[in-house]
């Protein structure tokens, strides 16, 4: 009950945050409309046989969902900065409910980011079979699980001041080695990328391009990162709150 | 040192009375500092009955906030135990029996005052009516304002509403009126009185003697991480309302000084003697009559700091303690 009340409250706050709405929803949308819109007629992007609106849509969806989950970190960091987390800890809201709410809010925003990009894609003429839409969406939602943990970890580790650079640099690097904006050729870059959860998030999006989803290696990488980041996040939370 | 008006902190009883509100046993906590650990709290024993309004009175650095944080489960004690309403602090908080107004802490952004109070109410099992609490805290006129558009005093009032709305059994306030103006303080304590009248337990930290005097049933004096005195507000007022006489006097018997009219405590501090007086007028006349050679005489009102230093002197003899023979 308290979790539902708190999650609803959090969602309301997130949607009122203009910066968040702009960077997590508006910015990818505008980018997409600029890039894909200007290449709307391109049906064979770089000889791939894919239309530009479709290709950039799946890229933007993967990016948007990941950013939505990571933005949890920023919110936690700023709540810590004003001492609101301490205030919450002297209410009956349990640690589990608190963290659950953060993840749930991240997921709600990820869904919203997804819907926004799907609508934009459809407006630029993207057509997919119902099965593809569903498979891609489910796999994307699974693929951002490790980023839920990463968001919580960053939020308890990094101060609001340093969060910007950490996120900007880190996410840029992740995007580069994970093939967010262009497919990775065989090589070292791709070998590294395949060990990262973000790479497999991109692959989840590529289901929309006719991809097959994840091989066993992808599941293992995602599972391992979820466990490691989850443990680190739990540790960072405990250390921050002084709980045993 | 004789302090007839104040009882010394009682040793911890093996069986705290059933239904005790708060029991602190030998509580200790230090923090790493630049020159080694800072011992914020060093062995606090305290039992607070249900329904009492207790002030923790002490200067800055006395360990009040750290004690409160351990009481609330926000900081883990290094030593000792905390029991709140018969359970651990964490369990009491989770059961919705406790709420607090911490010394620091802002309000969430992107919400209006009323929303924040309503959310907090939703987190408690048996909350009070939100509108009632808004009225009680004087927030009705600003209930629809954003939390980022409030004055310091208004923020304090919102935090007060957040502490009240859960209708806890134990309310803990850490220097609650710091950012309030005189009028706000008055209104705040009036509301507190109403709350305490329902049989609730209230513990508040303050460094204002007047607040402790006006609103507490019992005042616990803290200094240097310890409880150094415990009594009714009147007893505490009598203690800290004293004056001290300081004079340079050689070869004098401290026992004789202590027997002078109006003198409560006599101490030697290097070349000087320090007399803590219940009646400094009588004491100075008697002193000069008995010791005409006294020179460098100073009479000062013993502020809180002075009173606390005296009270802690026998707990923590300073490094130069050898030349400080106190008469008890």
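The values are calculated or read from the model by the stated rules, or taken from the named source; none is laboratory data. A quick note: this is a predicted structure, and the numbers were derived from the prediction, not measured. Please note: Cβ atoms are built from the backbone with ideal geometry, for glycine as well, and neighbour counts cover all protein chains shown.
I'm trying to understand the selection: among the residues of the range B:250-261, which are assigned to a loop (DSSP other than H, G, I, E, B) and either in the same structural domain as residue B:174 (by TED's automatic domain parsing) or touching a helix residue (DSSP H, G or I) at 6+ places or on another chain (Cβ under 8 Å) (or both)?
B:260, B:261 - these are the residues of the range B:250-261 that are assigned to a loop (DSSP other than H, G, I, E, B) and either in the same structural domain as residue B:174 (by TED's automatic domain parsing) or touching a helix residue (DSSP H, G or I) at 6+ places or on another chain (Cβ under 8 Å) (or both).
Take the residues of the range A:178-195 that are more than 17 Å from the chain's Cα centre (by Cα) and in a helix (DSSP H, G or I): which is farthest from residue A:78 (Cα to Cα)?
Of everything passing the filter in the range A:178-195, A:188 is farthest from residue A:78 (Cα to Cα).
For residue A:89, indicate whether it is under 28 Å from residue B:155 (Cα atoms) and within 8 Å of chain B (Cβ to nearest Cβ).
Criteria met by residue A:89.
Tell me, which helices (runs of 4 or more DSSP H) lie completely within the range A:1-120 with 1 or more residues that are closer than 19 Å to residue A:133 by Cβ? Even if it seems obvious, please write down each step before you answer.
Numbers: elements: A:2-16, A:27-38, A:52-82, A:84-89.
Because the criterion is at least 1 residues that are closer than 19 Å to residue A:133 by Cβ, the helices (runs of 4 or more DSSP H) in the range A:1-120 that meet it are A:27-38, A:52-82.
Identify, from the list A:59, A:71, A:78, the residue that is over 20 Å from residue B:124 (Cα atoms), crowded, with 23+ Cβ neighbours inside 10 Å and within 14 Å of another protein chain (Cβ to nearest Cβ). Before the answer, list the steps.
Working: A:59 fails: within 14 Å of another protein chain (Cβ to nearest Cβ); A:78 fails: crowded, with 23+ Cβ neighbours inside 10 Å.
That would be A:71, the only listed residue that is over 20 Å from residue B:124 (Cα atoms), crowded, with 23+ Cβ neighbours inside 10 Å and within 14 Å of another protein chain (Cβ to nearest Cβ).
Is it true that some residue in the range B:130-137 is more than 11 Å from chain A (Cβ to nearest Cβ), touching a strand residue (DSSP E or B) at 6+ places or on another chain (Cβ under 7 Å) and within 27 Å of residue B:180 (Cα to Cα)?
no
Please state which one of B:55, B:18, B:10, B:14 is away from chain A (no Cβ under 14 Å), at pLDDT below 90, outside any helix (DSSP H, G or I) and closer than 21 Å to residue B:171 by Cα.
B:18
Can you report the number of residues in the range B:72-92 which are touching a helix residue (DSSP H, G or I) at 6+ places or on another chain (Cβ under 7 Å) and facing chain A (nearest Cβ under 10 Å)?
So the answer is 5.
In this structure, is residue A:104 more than 14 Å from chain B (Cβ to nearest Cβ) and farther than 18 Å from residue A:206 by Cβ?
Yes.
Specify which of the listed residues (B:228, B:265, B:273) is assigned to a strand (DSSP E or B) and outside the structural domain of residue B:291 (by TED's automatic domain parsing).
Details: B:265 fails: outside the structural domain of residue B:291 (by TED's automatic domain parsing); B:273 fails: outside the structural domain of residue B:291 (by TED's automatic domain parsing).
None of the others qualify; the one that does is B:228.
Residues that are modelled with pLDDT of 90 or more, crowded, with 24+ Cβ neighbours inside 10 Å, touching a strand residue (DSSP E or B) at 6+ places or on another chain (Cβ under 6 Å) and at positive phi: does the range B:187-208 have at least one?
No, there is no match, as no residue in the range B:187-208 is modelled with pLDDT of 90 or more, crowded, with 24+ Cβ neighbours inside 10 Å, touching a strand residue (DSSP E or B) at 6+ places or on another chain (Cβ under 6 Å) and at positive phi.
Filter the range B:138-155 down to residues that are within 14 Å of chain A (Cβ to nearest Cβ) and buried (at least 21 other Cβ atoms within 10 Å of the Cβ), then give me how many there are.
0
Test residue B:49 against the stated conditions and say whether it is at pLDDT below 95, surrounded by fewer than 21 Cβ atoms within 10 Å (Cβ to Cβ) and within 14 Å of chain A (Cβ to nearest Cβ).
Spelling it out, it is not the case that residue B:49 is at pLDDT below 95, surrounded by fewer than 21 Cβ atoms within 10 Å (Cβ to Cβ) and within 14 Å of chain A (Cβ to nearest Cβ).
Could you check how many residues of the range B:143-154 are part of a helix (DSSP H, G or I) and either within 18 Å of residue A:91 (Cβ to Cβ) or modelled with pLDDT of 95 or more (or both)?
Going through the range B:143-154 one residue at a time, the tally reaches 1.
Residue-wise test of (1) surrounded by 15 or more Cβ atoms within 10 Å (Cβ to Cβ); (2) within 20 Å of the chain's Cα centre (by Cα); (3) under 18 Å from residue B:147 (Cβ atoms).
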| residue | (1), (2), (3) |
| --- | --- |
| A:13 | yes, yes, yes |
| A:19 | no, yes, yes |
| A:26 | no, yes, no |
| A:30 | no, yes, no |
| A:36 | yes, no, no |
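Considering only the range B:168-189, state which residues are in a helix (DSSP H, G or I) and within 24 Å of residue A:90 (Cα to Cα).
If the condition is that a residue be in a helix (DSSP H, G or I) and within 24 Å of residue A:90 (Cα to Cα), then B:185, B:188, B:189 are the ones that fit.
Looking only at the range A:163-177, filter to residues that are surrounded by 16 or more Cβ atoms within 10 Å (Cβ to Cβ) and over 20 Å from residue A:77 (Cα atoms); which one of those is farthest from the chain's Cα centre (by Cα)?
A:177
Among the numbered conditions (1) more than 8 Å from every other protein chain (Cβ to nearest Cβ); (2) at pLDDT below 95, tell me where residue B:116 comes up short.
(2)
Return only the number of the condition from (1) in contact (Cβ under 8 Å) with a residue 60 or more places away in the chain; (2) part of a loop (DSSP other than H, G, I, E, B) that residue B:163 does not satisfy.
(2)
Can you tell me how many residues in the range B:93-113 are assigned to a loop (DSSP other than H, G, I, E, B) and either more than 8 Å from every other protein chain (Cβ to nearest Cβ) or farther than 27 Å from residue A:11 by Cα (or both)?
Within the range B:93-113, residues that are assigned to a loop (DSSP other than H, G, I, E, B) and either more than 8 Å from every other protein chain (Cβ to nearest Cβ) or farther than 27 Å from residue A:11 by Cα (or both) number 2.
Check the range A:180-197 and report whether any residue there is crowded, with 20+ Cβ neighbours inside 10 Å, under 21 Å from residue A:232 (Cα atoms) and either modelled with pLDDT of 85 or more or touching a strand residue (DSSP E or B) at 6+ places or on another chain (Cβ under 7 Å) (or both).
yes
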